[in-house]
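Asker: Sharing a structure with you now.
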């Protein structure tokens, strides 16, 4: 009986792990380009992989609300797509999240303007679901890239080309 208990306990943890890869390449004009897709010419200068960044898991009540919202919005989302403008950084946060505080401090330190959504509000949760959400916060969206959680190296790579 105990032999089956541990694998069953660890299986959900394996499903939670998220990974992201950032490719660094140099364009024909000498400009450094960071992207989540490999360059078309295949000349990769450096590859950065961010796996399982620190994030604060959402409480069960928030996950339940998110799941109900996803079900009710599924048809509308498939027809309309996401209405978020990610040409400017968008961050999903919660007041109770320590990593969200760190992410916002980073953005303030770098003087990066951003749109913030608090997932504990109805509008914030709707936007979070529309954006694809996740199981924790913060979630940062910018230029068709998504960073789940917070770490300085991940945010440095994401915002490297910000004017």
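The values are calculated or read from the model by the stated rules, or taken from the named source; none is laboratory data. In this text the structure is predicted, and so the values were computed from the model without any measurement. When we count neighbours, we look across all protein chains shown, and the Cβ atoms used for this are built from the backbone with ideal geometry, even at glycine.
Asker: Within the stretch 128-145, identify whether any single residue is over 14 Å from the mean Cα position of the chain (by Cα) and over 12 Å from residue 55 (Cβ atoms), and answer yes or no.
Answerer: No: the stretch 128-145 contains no residue that is over 14 Å from the mean Cα position of the chain (by Cα) and over 12 Å from residue 55 (Cβ atoms).
Asker: Right, here's the next one. Need at least 3 residues that are at pLDDT below 80 and loosely packed, with under 12 Cβ neighbours inside 10 Å per element, so show me which helices (runs of 4 or more DSSP H) inside the stretch 26-140 make the cut, counting only ones lying wholly within it.
Answerer: In the stretch 26-140, the matching helices (runs of 4 or more DSSP H) lie at 60-80.
Asker: In addition: If you go through the stretch 102-147, how many residues are within 24 Å of residue 32 (Cβ to Cβ) and in contact (Cβ under 8 Å) with a residue 12 or more places away in the chain?
Answerer: Adding up the residues that qualify gives 15.
Asker: Take the stretch 141-159 and flag every residue that is surrounded by fewer than 21 Cβ atoms within 10 Å (Cβ to Cβ), part of a loop (DSSP other than H, G, I, E, B) and at pLDDT 90 or above.
Answerer: Matches in the stretch 141-159: 151, 159.
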